[in-house]
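> Got a structure for you, questions after.
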Amino acid sequence: MPPPIVTFAPLFPQRRGSSVAEQGTHKPLVGSSNLPLGTTDRPMAVFSFGVQFYIHNMQIKIDKLIRSKRRTIALIVERDGSLTVRAPKRAAAVEIESFIHEKAGWIFRTQEKIKSSIVIPNKQFVSGENFLYLGNEYELRLVPPQRPVLKFDGGFTLGYSAKPRGEQAFIRWYKQRAFSIISERVGLFSQGYGFTPKQVKISSARTRWGSCSPDGTLNFTWRLVMAPLEVVDYVVVHELVHLRVKNHSSRFWGEVEKIMPGYKERRKWLRVHGERLNI
Ligand SMILES: [Zn+2]
């Protein structure tokens, strides 16, 4: 079993020979800095863990906070992706928070890595199995060999001899649909709101729904066409607005909201259901 991944902030200058290693250190102290913690006798702050932070649009939640006699704050991303914070008894909430802010990028990247490695039960490509397309489930039926091997007509049919290549067939199909639908939506919103994207590309990213390259290329994962069209549109608008505002500042969200007043709901949909957008 792979151990959890840990990062540390040394609380005090380390004594020689002492170690900040915990459950075996798996990650060096990359970028962690000395935090002026534990220097006062202020009363122990009640820290509202379970609270979610949004740091540069990264959603971070403390799942467990353990206070002990330790000297450092450690952030531990567990094997299930949850975040445990171990802190000295007297570390103030604001100090823990500021450390989390500082490490937000690391936490987020580590959790993303874990998420994408979690094995979602793979499809078997047998009759009766359901596949998502634009927010609806459609049943698959295996049929005598056909060209193309996978067809969609209010339901999926796959030539049974192509069953061992079912996954590739579906991915190819999703990619084609994604390119055609997303290009159309990008065109529509571009016309309506005066955006000039360079081109649309389809990727196979697992957790990144879309991105905007500096040269104006918009990238979207084919998995997005498994989501309802409103959600596809949200990601399209999000990336288009990045052509004008590169970051996730309040100005950015203001622009998104102008075009799509209900964007928060759609964004939430992705957060809640995103993991299902897979085969
Ligand atoms: Zn963005």
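A short reminder: the numbers here are calculations on the coordinates, not readings from a lab. No experiment lies behind these values; they were computed from the predicted model shown.
> If the reach is capped at under 15 angstrom between alpha carbons, list the aspartates and glutamates near K103, excluding any in the same chain fewer than eight residues apart.
Candidates past the 8-residue exclusion: E95, E112.
> Kindly flag which residue pairs out of K115/K264; K201/K258; K61/K115; K115/K246 have an alpha-carbon separation exceeding 18 Å in this structure. If you can, show how the numbers build up before the last one.
On the way: K115/K264 23 Å; K201/K258 25 Å; K61/K115 15 Å; K115/K246 26 Å.
Long pairs (Cα-Cα over 18 Å): K115/K264; K201/K258; K115/K246.
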